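Visitor: Below is one structure. I have some questions about it.
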Amino acid sequence: MRRKPRWFGRPLALGAILFAVIPSGAQQPDSSNAVAVTTVVTVLGPKFTPPPAVSKDDILIREGQARKDVAEWVPAQGDKAGLELAILIDDADRRDVGKQFDDLTNFIRSLPKSTSVGIFYANNNTISAASQITPDHEAVAKALRLPLGSGVGSSVYQSLLALIAGWPVSGARREVLLLADGFDRLRHERYSPDVDTAVEKAQQAGVIIHAIFVSGTGIFGRIQTGKNIGQGNLNTLADGTGGKAFFQGFSTPIAFEPFLTQLDLVLRNQYFLSWMTNRSKNAKGELRSFKVTSERRDAEITAAQKIFVPGEK
């Protein structure tokens, strides 16, 4: 029997929904059936450089062929800077990752006060917490340990699903940094169904997933085919949820610091983007495709591929 992960123990809080008057110029939703939806968007300059100033008027939203007007464009700063970052580490044997943990420790200690962070280990298709999510960065840094080499025949994606399922909504941004090789050792399949399921559950929950590739164990962790599959899976996670995937060839990066510096730039340049749309005809709601772009050529926009839209009342 799979144990449910012990979680944060926080009360569930509803995130605020942003409403605005819809200006003319875009397709208008049925006012009697309209609902506001909100997603987190990253804005950077080219090649991980600081972004230019991007205003609400610079942003374009499309659902299919229909253009939507921006209702709210709020920087994740000040009283909106809250972030919960879950660092999820594959607990399979990673003998070549220990020396990079100094970089990870320094990253945790450098996080701003508005960020709460926790460390979780993926093993046996679930998670174990070395440190629950907390604003005490020093305590979290001290809780970091090397992988135990357990769960070699398990799926890191089922562990990720357990993490998302147990994560209460607080109104803060929720993001994951996954350290893994991306290969599903439970199924040993080229296209693991757990990858798509993890993307869908993250999209429904509004969770962004970032990943750093670290080379794995076993035959599939050593051969090129396994590494290609793993990196493809990590790219799918990041692309689908609005995150970033970091690779240094097909080996564990010599140092994590350059990638963690880029991740820090990402986390410091995010916005809450809201628009009005028609409710889903499905009473349980649906995931709806959308695309966010900017009229500014010097701004690169990253967002999830789908957003959850509630059903009709």
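Visitor: Counting Lys and Arg as +1 and Asp and Glu as -1, what is the net charge of the other residues whose Cβ lies under 12 Å from the Cβ of ALA211?
Guide: -3
Visitor: Shape call for the range 246-304 from the C-alpha gyration tensor, a ≥ b ≥ c root eigenvalues: rounded (a/c under 1.5), prolate (a/b greater than b/c) or oblate?
Guide: Values: a/c = 3.00, a/b = 1.91, b/c = 1.57.
It comes out prolate by the Cα gyration axes.
Visitor: Once phi is turned into ³J(HN,Hα) by the Karplus curve 6.51 cos²θ - 1.76 cosθ + 1.60 with θ = phi - 60°, what whole-Hz value does each residue of the range 116-126 show in order, with x for glycine and proline?
Guide: 9, 9, x, 10, 10, 10, 8, 8, 6, 6, 9
Visitor: Within the set LYS281/LYS313; LYS47/LYS68; LYS47/LYS201; LYS68/LYS306; LYS47/LYS80; LYS201/LYS306, which residue pairs have Cα atoms separated by over 18 Å? Walk me through the numbers before you get to the answer.
Guide: On the way: LYS281/LYS313 9 Å; LYS47/LYS68 28 Å; LYS47/LYS201 29 Å; LYS68/LYS306 15 Å; LYS47/LYS80 26 Å; LYS201/LYS306 11 Å.
LYS47/LYS68; LYS47/LYS201; LYS47/LYS80, as the Cα separations exceed 18 Å there.
Visitor: Something else now. Taking the simple approach of a point 7 Å from Cα along Cα-to-Cβ for both ARG297 and SER114, what is their distance in nm?
Guide: 3.2
Visitor: A further question on this structure: On full extension of the chain, what length is gained from GLN77 through LYS99, given 0.36 nm per residue of separation minus the C-alpha to C-alpha distance? Each step should come with its number before you reach the end.
Guide: Details: separation 22, 0.36 × 22 = 7.92 nm, distance 3.31 nm.
Stretched out fully, the GLN77 to LYS99 stretch lengthens by 4.6 nm.
Every number here is computed from the coordinates shown, using simple stated rules; none is lab data. Model, not experiment: these values are computed from the prediction. Glycine also receives a Cβ, built like all others from the backbone with ideal geometry; neighbour counts cover every protein chain displayed.
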